[in-house]
1. Roughly how big is region 21-176's charge dipole about its Cα centre, with Cβ charges of +1 (Lys, Arg) and -1 (Asp, Glu), in debye to the nearest 20?
2. Applying the Karplus parametrisation 6.51 cos²θ - 1.76 cosθ + 1.60 with θ = phi - 60° to the phi angles of region 122-132, what ³J(HN,Hα) value in whole Hz is obtained for each residue in order, glycine and proline being reported as x?
3. Would you mind getting the accessible area per residue of region 21-176, heavy atoms of the protein chains only, 1.4 Å probe, in Å²?
4. Filter the chymotrypsin sites (Phe, Trp or Tyr not before Pro) in region 101-152 down to the DSSP loop ones having no more than 16 other Cβ atoms within 10 Å, then list what survives.
5. Going by the alpha-carbon gyration tensor, a ≥ b ≥ c the square roots of its eigenvalues, is region 21-176 rounded (a/c under 1.5) or, if a/c is not under 1.5, prolate (a/b greater than b/c) versus oblate?
6. Can you list residues from other chains, or at least 5 along the same chain, whose modelled amide H is less than 5 Å from the amide H of VAL41?
7. Run the accessible area of region 21-176 with a 1.4 Å probe and give the carbon-and-sulfur part as a rounded percent.
8. Net charge within 12 Å of LEU156 by Cβ-Cβ distance, Lys/Arg positive one each and Asp/Glu negative one each, not counting LEU156 itself?
Amino acid sequence: MAEGRRSDLPTLGRQANPAYDVGMGITGVSEQVTRLVFADVTAGRRPELFTLGSALAGVLHPAFGGLGYGAEPAPLDRMLAMTGSELRRHGLDGLAVRSWFGPDLMAVLDPGPLEAEGAVLTPTAWGGLEVDLVPDPWLAAPGVLADAKTQLDGALRAQELLGEYGHPLLKKAAPGWDRVTSRL
C-alpha cells in the first residue's frame, strides 16, 4: 500500500498456521499495487474474501483488480501477476475469479460480450464494474472457473484489451490498447 517499486518494499510473511490460499490484487495506474495473499482458505470462508475484495475495491477505486485462487488447472494458476506499469504498457492480463474494472476501463469496455458468455456483472457505487466468472464463484469447481476464464478472456481479446503476458520477458501490448492508454 505504499508508493514505489515492489522490490523496494519490505515483505512480511507467515510460515505457520493460520494461513490462506487466496490472492487479491488491486492495480492502479502507477506502480501502486495492493496485494493480499492468503493460504489454505477453507471453502466455507471464501465468501468472506469476496466480500473483503469488494470492500477494498470500493475504497481504493482500482483501474483494474481481481481476486483469484492461483490454482490448477491453467489458466487459474496465472492470475493477478500484472503490475500498474504493465497495465499501462500492455493492457489487461485477463480476468480473475472476480475482477474490478475502474471507470477509465469502463469507457472502452463493451460488457455485453462478457455477459453473453455468462459473466455476472455488477455496477459499483464508485463508477466501476465488478465481474464474476460465474454466479457464486466461491462455490464453483476449479475446472468450471478455468473454462469460464478462457471464454471470457476471449471476449476481452476480441475487444483488443488483452495483452500478451505468456513469456515474462516478451510481453506485448493489446492491439487496441493505444486507445486506452490516453485515459490512464
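The values are calculated or read from the model by the stated rules, or taken from the named source; none is laboratory data. Values in this document were obtained by computation on a predicted structure and should not be read as measured data. Cβ placement follows ideal geometry from the backbone for every residue including glycine, while neighbour counts extend to all protein chains displayed. The accessibility values were calculated without ligands, DNA or RNA, using every heavy atom of the protein model including side chains. Shrake-Rupley method; radii C 1.70, N 1.55, O 1.52, S 1.80 Å.
1. 340 debye
2. Listing the rounded values in order: 10, x, 9, 5, 9, x, x, 9, 9, 10, 9 Hz.
3. On a per-residue basis, 44 Å².
4. Passing both the DSSP loop test and the Cβ count: TRP126.
5. Values: a/c = 1.26, a/b = 1.22, b/c = 1.03.
Rounded, because the longest to shortest axis ratio a/c is under 1.5.
6. So VAL41 has HN proximity to ASP21, VAL22.
7. Details: 3980 of 6870 Å².
C and S atoms contribute 58 percent here.
8. So the surrounding residues net to -3.
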